[in-house]
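Quick notes on the structure that follows.
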Amino acid sequence: MQKWVIIALGIASLAAGGYWSLQPTPIEPTPPPLVTTNTSASLPPASPSVQATNIATLGGGCFWCLEAVFEKLPGVTNVVSGYAGGATLNPTYKEICEGNTGHAEVVQIHFDPTKISYEELLHVFWQCHDPTTLNRQGADEGTQYRSVIFYHDDAQRAAAESSLKDAAKGQADPIVTQRSPSPVFYPAEDYHQDYFRKNPNAPYCAFVIIPKMRKLQDHKVLPR
């Protein structure tokens with residue numbers, strides 16, 4: 001992964017702009033589950049009693065960024081970074097970075113639908129990455145960084161299509177986000193989980209994640 005973005009001139013602005021207000025509060029991590037979901041053309045109907053309706057699987061660049069963003073939302077109970085959408089079984093991070101597995105870096109978002117809806121998650125998704133750049137987010141380039149929605153049932157598929165149409169109205173360029181049935185999800189290695197919480201002073205966190213989260217907070221997409 002091209003996590004080499006280091007912007008030396010940003011150090012002073014971070015110190016002056018309230019950097020410490022974004023320092024994460026350590027929490028006890030929840031072991032990431034291995035989730036296998038329906039990949040057939042005929043997806044099951046939505047039902048509040050089905051666990052899959054309480055999971056959203058989204059990809060939009062580096063999963064460190066997405067994880068940090070969605071963990072801030074009330075109603076989200078757990079976010080797991082991982083890989084999905086490729087052909088390689090049990091892929092490793094090294095294999096993902098080589099770009100030959102077909103997998104995308106994604107997050108599985110476990111959420112309480114009585115507190116936050118799937119549509120609200122998608123609204124944040126469109127705001128926290130650029131869905132118009134093909135296989136790239138910022139300096140991170142490759143198919144593993146593609147914008148993608150892996151829906152878990154017909155209701156999520158319909159919501160994704162409707163949400164995309166709304167998001168497209170505010171874009172100058174066409175949205176290239178893929179929409180596909182949710183495939184097998186492989187949780188990433190342990191050191192990727194809760195990366196921002198564990199490494200808030202790492203260069204990528206300081207110069208990419210924190211400015212992005214501050215911008216989302218300024219636009220009231222994320223709570224402070």
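Values in this text are rule-based calculations from the coordinates and carry no lab data. Since this is a predicted model, take the numbers as computed values, not measurements. Don't worry about glycine lacking a Cβ; one is built from the backbone with ideal geometry, like all the others, and counts go over all protein chains shown.
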Which whole-number percent of Cα pairs in the stretch 112-170 have a distance greater than 14 Å? 59 percent
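What ranking of R179, R214 emerges when the number of other C-beta atoms within 10 Å of each C-beta is taken as an exposure proxy, fewest first?
Fewest to most other Cβ atoms nearby, the residues stand as R179, R214.
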Evaluate the charge dipole of the stretch 84-193 about its Cα centre and quote only its size in Debye, nearest 20, assuming +1 on the Cβ of each Lys and Arg and -1 on the Cβ of each Asp and Glu. 240 debye
Averaging sequence separations of C-alpha pairs under 8 Å and six or more residues apart, then dividing by the length of the stretch 57-192, give the relative contact order as a whole percent. 33 percent
Around V106, which amide H atoms from residues at least 5 apart in sequence, or from another chain, sit under 5 Å from its own amide H, with H modelled in the peptide plane? G82, Y83, A84
Using the number of other C-beta atoms within 10 angstrom as an exposure proxy, rank Y145, Y93, Y191, Y151 with the fewest first. Y191, Y93, Y151, Y145
Using 7 Å Cα-to-Cβ label points, what is the D112/Q178 separation (nm, one decimal)? 3.4 nm
Hits among lysines - C-alpha to C-alpha of K169 under 18 Å, sequence gap 8 or more where chains match: none
Ranked from fewest to most other Cβ atoms within 10 Å of their own Cβ, S117, S163 fall in the order S117, S163
